[in-house]
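One structure below.
The values are calculated or read from the model by the stated rules, or taken from the named source; none is laboratory data. Given the structure is predicted, the values throughout are model-derived calculations rather than measurements. Here the Cβ is made from the backbone with ideal geometry for all residues, glycine too, and neighbour counts use every protein chain on show.
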Amino acid sequence: MERGLNNTQRTAVAALLTASALTTNYLLVGVVNVKLMDLIVFAAGFLLGAGAGAGVGALTWLVYGTLNPYGFSLPVLGATVLGETLYGLAGGALRGRLGPLGWRPDARLAVVGFLLTFVYDLETNVVSALTAGVPLAVALVGGVPFAVAHEASNAVFFCFGFPPLASSLEKVLETYAR
Amino acid sequence: MTWVAAALLCTTLAGGAASIYFYTRLVQVEADYRRTLDDLERLTIMVDVMVDYGNGTVAWFNGTRVSPGETLLNATLQVADVRYTVTEFGAFVDAVNGVSGVENHYWLWYTYDGGWEMGPVSADAWRLHDGDVLAWRYTGF
């Protein structure tokens, strides 16, 4: 049991977070590489454990990657599913290591968000380049503006968004756990 | 300390990526510039134009780039403020860069071919070729 929740409650919370990630993805579909999904998946891992966080990430991409206005590619979907689980795993790994979270911005989380996104972008860009037959160097260099937008936005979202999001959700989960 | 190191790693990664990206863009832009310049050189010619104001002031406009077959009048209009009158004999230049009005002085043009020779036709009828050297002189009679 995580945070006093039984398995059904944990599954329900994971499903809600997956739905939230999906909803925000479709809402922000016109804003390339700026999404709240990574923050939500990280929060899922932090609140429910690494496995559940990875599951939320994988499920989100399985839906979003399949029903995607920009098209479908199985290798890229595999890469994004794998990359997204990193956020959940990292969230789980950092549970209890960040100290008490308030509502104030936390610069450490900006670093976490940036580095996780850097790894995610690197992995997905490499797979996309190999899939499309584009030279790796061209894909990596050409992808820099998009990667920077992704990394910078995630650094901001994690720094300013994660403490209030995690604190609020913790309170809600504690209420239901009683 | 660990978090500071991680933050520095972030800035290094971002800075490194930005450097590589902008260096690559610079190389691309330089290559584009060279290709455009080559195209421009293939599609244009260069002439040298001298303007002698007749008062000791001489100005050279070397390497003036014009379209092949462009007229001397149009080439001069590119490098100077020219006032001219179109007559039945062609364009007659009245003033170059505001210099005019001296009695018995006229703007005449010359072409250089081992020595200066007065232009045989009006400036709007003389077609230019790559490497031509021409002059406008405020000539008194």
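A quick yes/no check of all residues on (1) in contact with a Phe, Trp or Tyr (Cβ under 7 Å, 6 or more places away or on another chain); (2) crowded, with 22+ Cβ neighbours inside 10 Å; (3) more than 26 Å from A:Pro105 (Cβ to Cβ):
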| residue | (1), (2), (3) |
| --- | --- |
| A:Ala14 | no, no, yes |
| A:Val29 | no, no, yes |
| A:Met37 | no, yes, no |
| A:Leu89 | no, no, no |
Quick check on region A:42-49. Is at least one of its residues part of a loop (DSSP other than H, G, I, E, B) and away from every other protein chain (no Cβ under 14 Å)? yes
Among the residues of region A:85-113, which ones are within 14 Å of A:Ile40 (Cα to Cα) and away from chain B (no Cβ under 14 Å)? A:Thr85, A:Leu86, A:Tyr87, A:Gly88, A:Leu89, A:Gly91, A:Gly92
Can you confirm whether A:Thr85 is buried (at least 17 other Cβ atoms within 10 Å of the Cβ), in contact with a helix residue (DSSP H, G or I) (Cβ under 7 Å, 6 or more places away or on another chain) and not hydrophobic (A, V, I, L, M, F, W, C)? yes
Note on A:Phe162: of the conditions (1) more than 14 Å from every other protein chain (Cβ to nearest Cβ); (2) in contact with a Phe, Trp or Tyr (Cβ under 6 Å, 6 or more places away or on another chain); (3) crowded, with 20+ Cβ neighbours inside 10 Å, unmet is (2)
Counted residues, region A:143-159 - those being without any contact (Cβ under 8 Å) to a residue 24 or more places away in the chain and within 20 Å of A:Ser73 (Cα to Cα): 1
Looking only at residues in region A:114-158 that are of a type in the set (A, V, I, L, M, F, W, C) and in contact with a Gly (Cβ under 7 Å, 6 or more places away or on another chain), which one is farthest from the other protein chains (Cβ to nearest Cβ)? A:Phe157
Could you please find all residues in region A:98-108 being in contact (Cβ under 8 Å) with a residue 24 or more places away in the chain and under 14 Å from B:Leu8 (Cα atoms)? A:Ala107
Residues of region B:59-93 being of a type in the set (A, V, I, L, M, F, W, C) and under 17 Å from the mean Cα position of the chain (by Cα), which ones? B:Ala59, B:Trp60, B:Phe61, B:Val66, B:Leu72, B:Leu73, B:Ala75, B:Leu77, B:Val79, B:Ala80, B:Val82
A:Asn25 versus (1) modelled with pLDDT of 90 or more; (2) surrounded by fewer than 18 Cβ atoms within 10 Å (Cβ to Cβ); (3) under 22 Å from A:Asp121 (Cα atoms): which is the lone unmet condition? (2)
